[in-house]
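Read through the structure below, which is laid out as structure tokens, and then see the notes.
The values are calculated or read from the model by the stated rules, or taken from the named source; none is laboratory data. All of these numbers come straight from a predicted model, not from anything done at the bench. Neighbour counts run over all protein chains shown; Cβ positions are idealised from the backbone, glycine included. SASA here: full protein model, heavy atoms, side chains in, ligands and nucleic acids out. Shrake-Rupley method; radii C 1.70, N 1.55, O 1.52, S 1.80 Å.
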Amino acid sequence: MFTLISTMRALAVRQQTGEALRCLHLTAVTEAARKGTREKARKKKVKVEVKKVGFIPHNQRDKKINVKRADKHVDDSWKQVPKDDVYVGRYYRWPVYTVAEAIQCHRETHHPTMYNVPNASLNVEIELNMQGEKATRFVDNFQRMAMIPHKFNHGEERKIIVFTKGNEEIVEAREAGATLVGGVELIKDITAGELLLSDYQFIIAHPNILPELVALRGLMKRKFPNPKSETLGVNLAEMVIKFSNGISYSATKDEYQQNFGLIKANVGTLDMDAQHLEENIRFLLQDVNSMRPKRDGRFITRVLLKSPPSSEQLKIDPFVYIPEFYDKTAAKASREAKQQAEPVPESKEAAAASN
């Protein structure tokens with residue numbers, strides 16, 4: 001404002017006198033940028049680098065997006081129980097069948113007048129709560145072999161090689177159905193390259209040959225016999241029968257919900273005796289329950305029986321065969337029984353191999 005007034009005064013004086021007057025700037029010194037200010041301002045400006053993002057597969061694109069996903073643990077205990085046979089399923093609780101009733105329902109569905117598959121396989125889906133002892137911990141994925149009392153055609157190729165010393169153990173393993181049984185000579189053939197371990201799905205050993213078997217540890221890697229995987233023990237016949245006729249299953253956590261695990265396994269065919277199928281299911285549930293963490297609450301949350309090609313899934317009560325909640329006294333007793341049943345290594349090398 002002051003600058004504008006002084007300029008007008010200078011013009012008025014110039015008009016009156018007619019002379020060219022020098023314009024006097026009566027204002028303060030014009031504010032100019034100090035030396036180096038602009039250079040400092042340029043340095044402060046941070047250059048934003050645009051990171052190039054490569055191709056993201058379709059099954060990984062949701063990881064960077066906070067998508068609200070539905071809880072996979074189904075809890076319908078708050079719903080009412082249906083009073084008749086005609087109702088909308090989503091508004092009521094799922095009906096719980098006994099194993100015998102569920103098998104009979106599937107047999108009716110696979111009758112020759114319907115699907116016409118009387119020897120269809122009976123599958124079990126076991127839903128797990130993979131929450132560990134702490135809130136931030138979860139049970140790792142595991143793969144096991146459950147021993148069952150009644151064998152069936154599982155459709156898998158299972159070649160078993162057994163390492164042991166002594167004629168009695170060799171005869172015992174062969175009679176049980178092992179593919180190949182041997183001792184030190186067998187180890188020499190493998191070391192020389194005359195025999196490939198990759199041709200065999202399961203490797204079983206007796207503790208009396210562990211010191212010599214350590215030489216093959218690099219070739220066997222994870223298949224090396226140990227008590228935890230139940231591939232090292234004194235009772236060779238029982239182990240061979242278990243790995244040849246048992247149920248192979250694996251528990252996997254959900255990709256987005258870490259506390260939800262699922263097991264899918266085949267327990268037999270519909271043309272088998274219903275009691276035999278029920279016993280196979282009981283042994284499978286007991287084997288799965290042996291992996292439960294030491295915490296309160298349920299480990300097995302829901303069990304469904306399915307039989308393809310039918311999409312029907314029938315819910316059964318697993319707690320008829322296993323305890324619903326964690327029992328500390330029972331867990332301690334089973335742990336002590338396992339420790340007593342474990343074989344004692346004969347030497348330091350055998351002890352290192354078993355660990």
Practice item. Restrict the check to segment 6-22 and report whether at least one residue is open to solvent by less than 100 Å² (accessible area, probe 1.4 Å) and modelled with pLDDT of 65 or more. Key: no
Exercise for review: Spot the failing condition for L128; the list is (1) touching an Asp or Glu at 6+ places or on another chain (Cβ under 8 Å); (2) in the same structural domain as P293 (by the TED database); (3) at pLDDT 95 or above, and only one is missed.
Suggested key: (1)
Review point. Which numbered condition trips up D199, out of (1) buried (at least 16 other Cβ atoms within 10 Å of the Cβ); (2) at pLDDT 90 or above; (3) not assigned by the TED database to the domain that holds E133?
Key: (1)
Review point. In segment 279-317, what residues are within 18 Å of N259 (Cβ to Cβ) and open to solvent by less than 50 Å² (accessible area, probe 1.4 Å)?
Key: V288, N289, R292, P293, R295, G297, F299, I300, T301, R302, V303
Check your understanding: Taking the stated definitions as given, is A192 open to solvent by less than 40 Å² (accessible area, probe 1.4 Å) and not assigned by the TED database to the domain that holds N259?
Key -> no
Review point. In segment 216-229, is there at least one residue being open to solvent by 30 Å² or more (accessible area, probe 1.4 Å), at negative phi and among the aliphatic types (A, V, I, L, M)?
Key: yes
Review point. So, in segment 87-108, of the ones that are of a type outside the set (S, T, Y) and not in a helix (DSSP H, G or I), which residue ends up farthest from the chain's Cα centre (by Cα)?
Key: V88
Study note, to complete from the structure: Those residues of segment 117-130 that are open to solvent by less than 20 Å² (accessible area, probe 1.4 Å) and over 17 Å from the mean Cα position of the chain (by Cα) come to a total of 2
Study note, to complete from the structure: Restricting attention to segment 131-155, the residues that are among the aliphatic types (A, V, I, L, M), modelled with pLDDT of 90 or more and open to solvent by 30 Å² or more (accessible area, probe 1.4 Å) number exactly 1
Review point. Here is a list of conditions, (1) in the same structural domain as N129 (by the TED database); (2) among the hydrophobic types (A, V, I, L, M, F, W, C); (3) buried (at least 18 other Cβ atoms within 10 Å of the Cβ), and L262 meets all of them except one; can you say which number that is?
Key: (3)
Exercise for review: Please identify the pairs in which a residue from segment 263-277 that is closer than 22 Å to R302 by Cβ has its Cβ atom under 8 Å from the Cβ atom of a residue that is aliphatic (A, V, I, L, M) and open to solvent by 50 Å² or more (accessible area, probe 1.4 Å), counting only partners at least 6 apart or on another chain.
Suggested key: A274/A100
Practice item. Among what's in segment 156-184 and is open to solvent by 30 Å² or more (accessible area, probe 1.4 Å) and assigned to a loop (DSSP other than H, G, I, E, B), pick the residue that is farthest from H206 (Cα to Cα). Key: E156
